[in-house]
Amino acid sequence: MGRRMEGKRMLTEIVNERIVQGQPPFASCHGSHLALLANGDVLAVWFGGSREGEDDTAIWCARRTNGRWGAVHRLAGDGSEPHWNPVLLSKGNGEVFLFYKVGRSIKEWRTMVKRSSDDGRTWTEAEELVPGDRGGRGPVRNKVIVLSEGAWLAPASLEDGVWRAFADRSEDGGRHWEKSAEVCVPGSEQWDIRKVDSDIPVSEQSFYGRGVIQPTLWESAPGKVHMLLRSSEGWIHRSDSEDGGRTWTHAYPTSLPNNNSGIDVVRMHDGTLILCYNPVGQNWGPRTPLALSFSRDNGQTWSAPRILEDGEGEFSYPAIIADGHDVYLTYTWKRENIAFRRFRYSP
C-alpha cells in the first residue's frame with residue numbers, strides 16, 4: 001500500500017455552514033450540486049419537496065455572495081412531476097448550464113437543460129438534452145468534466161433492472177451528445193434483482209436493481225479517463241478508458257467501501273485525487289459517517305478516511321469541485337438542509 005496522507009494537513013477548513021437560512025419552503029431536500037462563478041460567487045442547487053419522488057419535488061437554488069447565502073428560490077418544477085439530481089456546469093464567462101432529471105419512474109427519466117448567460121440570475125426555458133430519450137442522458141448527478149482536448153464528458157447511468165453506467169460525450173459545447181459503451185460488472189446480467197429493506201428515505205423504486213451507477217470522472221493524461229462508481233456490492237467500483245471516454249473496461253472493485261450511496265471525486269492541480277464518500281461497506285447501509293480520502297497515485301491507493309460528519313442521521317450525496325488550491329463541497333445534511341464547506345489545499 002502507498003503511504004497514508006494526513007487529511008488534516010492537506011486540507012484546512014475555511015467555511016462550514018448550512019445553505020438554507022430560516023424556514024425552508026420544503027420538508028425534505030437532497031441531491032445538491034454547486035458551481036464557482038467568475039466573480040467568486042458560489043451557486044448551489046438541489047431538489048426538495050415533501051419527499052423524494054413526490055410530484056411536488058422541485059429544483060431549488062441559492063447564491064453565496066460576499067460570504068453570505070441569499071434567499072432560496074425555485075428554478076424548475078410546477079408540482080406536476082418529480083424533479084431530481086440537478087448538476088451545474090459553469091464555463092467561467094457568465095455562461096452556466098443546469099442539467100436535471102424529470103419523471104415519476106427513474107428508468108424513464110428524461111434529462112432537461114437550462115442555460116444562463118448571466119451567472120445564473122436568469123435562465124432559458126427548459127429543453128430536453130437529447131430529444132426523445134428516456135432513461136437519462138447527460139450527467140446523472142456528478143459534474144461534467146472538460147477533457148484536455150476540449151470535449152465535454154458527462155457521467156451517466158441507467159437504472160432498469162441491472163444497473164450500468166456510461167459516459168456522454170459532447171464535442172460542440174453541449175449541443176449534441178454521443179453515448180459511450182456501457183459499463184457493467186461482469187456477470188451482473190445473471191444477478192437476481194431483488195428488493196432490499198432499508199430505512200434510507202429514498203423513492204421506493206430505488207431499492208429495485210443491482211450494479212453500478214452514478215459515476216464520477218477524472219482525466220489523468222490526455223485521452224486517459226477514469227470513473228469511480230456507486231455500487232450495490234459493498235465496494236466502490238472503477239472503470240478506465242484509453243480513448244477519451246468512448247469505450248471502457250468492465251467495472252472492477254476498489255478497496256474503498258460503499259453503502260450504495262453517492263460519491264464524488266476531484267483531481268487537484270498536482271494530480272492528487274480527493275474523494276468524498278460514506279466509508280460503509282453495506283448495501284443500503286447507513287449514510288453516516290461522511291469522509292474524505294486522498295490518493296497521489298491516480299486512485300491505486302487511498303488514505304485513511306478523514307471524517308467530516310459522524311452523527312446520527314444522513315450525511316450523503318456530496319458534490320466536490322476545486323479551483324486552484326480551493327476545494328468546495330456541498331452535501332445532504334439530514335435531509336433538512338444542504339451543507340457547504342470550503343477548504344484550502346496544501347500539497
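The values are calculated or read from the model by the stated rules, or taken from the named source; none is laboratory data. It should be emphasised that the depicted structure is a prediction, and the values quoted were computed from it without experimental measurement. Backbone-built Cβ (ideal geometry, glycine too); neighbour counts: all protein chains shown. The protein model used for the area step is the full one, side chains on, heavy atoms only, and it has no ligands, DNA or RNA in it. Shrake-Rupley method; radii C 1.70, N 1.55, O 1.52, S 1.80 Å.
Summary of computed values
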quantity	calculated
Odd one out for Leu89 among (1) more than 21 Å from Val113 (Cβ to Cβ); (2) outside any loop (DSSP other than H, G, I, E, B); (3) open to solvent by 10 Å² or more (accessible area, probe 1.4 Å)	(1)
In the stretch 140-155, the residues that are over 14 Å from the mean Cα position of the chain (by Cα) and in a loop (DSSP other than H, G, I, E, B)	Leu147, Ser148, Glu149, Gly150, Ala151
Selection from the stretch 145-165 of residues that are among the aromatic types (Phe, Trp, Tyr) and under 12 Å from Leu217 (Cα atoms)	Trp152
Complete set of residues in the stretch 203-232 that are part of a loop (DSSP other than H, G, I, E, B), under 23 Å from Thr332 (Cα atoms) and modelled with pLDDT of 95 or more	Ser232
Test: Arg51 is more than 26 Å from Val266 (Cα to Cα), touching a strand residue (DSSP E or B) at 6+ places or on another chain (Cβ under 9 Å) and in a strand (DSSP E or B)	no
Residue tally, condition within 28 Å of Arg306 (Cα to Cα) and open to solvent by 10 Å² or more (accessible area, probe 1.4 Å), over the stretch 239-261	6
Members of the stretch 286-315 found to be part of a loop (DSSP other than H, G, I, E, B), within 21 Å of Asn337 (Cα to Cα) and open to solvent by less than 20 Å² (accessible area, probe 1.4 Å), listed by number	Arg287, Glu314
Verdict on Ser105 being among the hydroxyl-bearing types (Ser, Thr, Tyr) and in contact with a helix residue (DSSP H, G or I) (Cβ under 9 Å, 6 or more places away or on another chain)	yes
Residues within the stretch 177-200 that are surrounded by 11 or more Cβ atoms within 10 Å (Cβ to Cβ) and within 30 Å of Ala151 (Cα to Cα), tallied	9
Residue among Ser220, Ser231 that alone is of a type outside the set (Val, Ile, Thr), under 18 Å from the mean Cα position of the chain (by Cα) and within 26 Å of Asp297 (Cα to Cα)	Ser231
Yes/no for Gly53 being at positive phi and surrounded by 18 or more Cβ atoms within 10 Å (Cβ to Cβ)	yes
Sole residue being among the basic types (Lys, Arg), assigned to a loop (DSSP other than H, G, I, E, B) and in contact with a Phe, Trp or Tyr (Cβ under 8 Å, 6 or more places away or on another chain), chosen from Arg121, Arg137	Arg137
Scan of the stretch 43-61 for residues that are closer than 25 Å to Glu125 by Cβ and in contact (Cβ under 8 Å) with a residue 60 or more places away in the chain, ordered by number	Leu43, Ala44, Trp46, Gly53
Qualifying residue in the stretch 63-70 (condition: surrounded by 21 or more Cβ atoms within 10 Å (Cβ to Cβ) and not charged (D, E, K, R))	no
Qualifying residues in the stretch 316-341 (those that are closer than 28 Å to Gly49 by Cβ and open to solvent by 40 Å² or more (accessible area, probe 1.4 Å)) - the one nearest to the chain's Cα centre (by Cα)	Trp333
Cross-chain or 6+ apart pairs with Cβ under 8 Å, the stretch 112-132 first and without any contact (Cβ under 8 Å) to a residue 24 or more places away in the chain, then open to solvent by less than 30 Å² (accessible area, probe 1.4 Å) and in a loop (DSSP other than H, G, I, E, B)	Ser116/Gly94; Ser117/Gly94
